[in-house]
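Since the structure comes first, as structure tokens, the remarks are kept for the end.
The values are calculated or read from the model by the stated rules, or taken from the named source; none is laboratory data. Every value quoted in this text rests on a predicted model; they were computed, and no experiment measured them. Cβ: placed from backbone, ideal geometry, glycine included. Neighbour counts: every protein chain shown. All accessible areas refer to the heavy atoms of the entire protein, side chains included, with ligands and DNA or RNA removed. Shrake-Rupley method; radii C 1.70, N 1.55, O 1.52, S 1.80 Å.
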Amino acid sequence: THGLASQSFVQSQIAASKTEDASTLQRRLAAVNSRLQKLETEGRVAQTIIQSYEPSVCLIHVVLAFREHTTGLRLRYAEMTSSGEPKTDEHNNPLLSLTGSGPEVHLDAFGTGFLASADGQILTNHHVAEPWWQNDDLKEMVDQGLEPVVAEMSAYFPGVPHGIAINTEKISSAADVAVVKGDVSELGIKQIALADGGHSAVSGGPVVLLGYPTALDAILARAGAETLQSIATASKGDPKQVMEELARRNLIRPVTTQGHIGDVLPDKIVYDAQTTSGGSGGPLFNNEGKVIGINFAMVREFGGSNFAIPVGYGKSLLKP
């Protein structure tokens, strides 16, 4: 009887509130449907963005040297051993000198950029173009009367078998944004569409981030043991040669992550698509496939929160 009772109870409930229930059910179904559609659409948008714009997102390699303020002499290794290693002191630190006979002391830095105009302008971060900017690690060198200088800067685009020489064109005084420029005229790389106005970034909206988090590490991790071995042999471990080998083998490709916008502030967009160092300067796309921001920082203690600079700061730099 229990089963019958509950059944008739259900039937009387249905009879009593037939109209309301049907519409509630329909509303629920509609909500489920729109959620599914949203997921499908977000997936499709991400695919479209990757297919269209992956080739326009480059890995930027900056080689730093250090010169003395007064003489302009560059810091070198004092002397090399017969096996080509720098001579060291008793604590195993290489001996350095401004008048040494060894090669210049170089430091390698990496970041992400994306083609933003037809004439080779690439948007990235100020701290990618000038890695010493707001960098405490390099402060010690500066305190010793040495200033960092860019010895060489190259952009590596997917599918291009070599690096392209680039130099800094403009740096924003208002945000962590810079424009670097190189000759991409013969390469058939298309510029990435930038979003208009303030309503292109909406809280809760889906985002897709392209970039090169961990720079070389992620690329090398995808390459496989044999390739790694032959790259190591060919490059003798020099980062510039490693990059050229990777480019020659068509192994340079950005990483794509997806997420949603948490907050839109005048000077930053907060979102949760994963990234890490090396991803700085990467384009953040909205669901229309347009760039709304330039990735610039992550909260180290909390992976769920990353920051992008609204694209307007970049657009103002691109104006002649």
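Here are the numbers for the structure shown:
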item: Residue within region 94-105 that is part of a loop (DSSP other than H, G, I, E, B), out of contact with any Lys or Arg (no Cβ under 9 Å at 6 or more places or on another chain) and not basic (Lys, Arg) present; result: no
item: Contacts under 6 angstrom Cβ, first residue in region 86-101 being over 19 Å from GLN144 (Cα atoms) and open to solvent by 80 Å² or more (accessible area, probe 1.4 Å), partner hydrophobic (A, V, I, L, M, F, W, C) and not in a loop (DSSP other than H, G, I, E, B), 6 or more apart; result: none
item: Output for region 220-255, where each listed residue is aliphatic (A, V, I, L, M) and open to solvent by 60 Å² or more (accessible area, probe 1.4 Å); result: ALA221, ALA225, LEU228
item: Per-region count, region 102-134, residues loosely packed, with under 14 Cβ neighbours inside 10 Å and within 30 Å of SER316 (Cβ to Cβ); result: 3
item: Residue check for ASP217: over 22 Å from ASN287 (Cβ atoms) and buried (at least 22 other Cβ atoms within 10 Å of the Cβ); result: no
item: Qualifying residues in region 131-158 (those that are in a loop (DSSP other than H, G, I, E, B) and modelled with pLDDT of 95 or more) - the one nearest to THR112 (Cα to Cα); result: PHE157
item: Number of the exception - SER203 against (1) over 18 Å from GLY282 (Cα atoms); (2) in contact with a Lys or Arg (Cβ under 7 Å, 6 or more places away or on another chain); (3) among the polar types (S, T, N, Q); result: (2)
item: The one condition in (1) open to solvent by less than 60 Å² (accessible area, probe 1.4 Å); (2) free of Cβ contacts under 8 Å to residues at least 24 places away in the same chain; (3) not basic (Lys, Arg) that LEU210 fails to fulfil; result: (2)
item: Test: VAL128 is assigned to a helix (DSSP H, G or I) and either hydroxyl-bearing (Ser, Thr, Tyr) or closer than 29 Å to PRO320 by Cβ (or both); result: yes
item: Residue match in region 127-146 (condition: touching a residue at least 40 places away in the same chain (Cβ under 8 Å) and β-branched (Val, Ile, Thr)); result: yes
item: Extreme residue, modelled with the highest pLDDT, among residues of region 256-285 that are open to solvent by 10 Å² or more (accessible area, probe 1.4 Å) and in contact with a helix residue (DSSP H, G or I) (Cβ under 6 Å, 6 or more places away or on another chain); result: SER280
item: Any chance SER17 is surrounded by 11 or more Cβ atoms within 10 Å (Cβ to Cβ), among the small types (Gly, Ala, Ser) and at pLDDT below 85; result: yes
item: Any hit, region 292-311, residues being open to solvent by 30 Å² or more (accessible area, probe 1.4 Å), of a type outside the set (A, V, I, L, M, F, W, C), in a loop (DSSP other than H, G, I, E, B) and within 25 Å of ALA165 (Cβ to Cβ); result: no
item: Yes/no for VAL255 being under 14 Å from the mean Cα position of the chain (by Cα) and aliphatic (A, V, I, L, M); result: yes
item: Selection count, region 55-83, where residues are crowded, with 16+ Cβ neighbours inside 10 Å and over 16 Å from VAL105 (Cβ atoms); result: 7
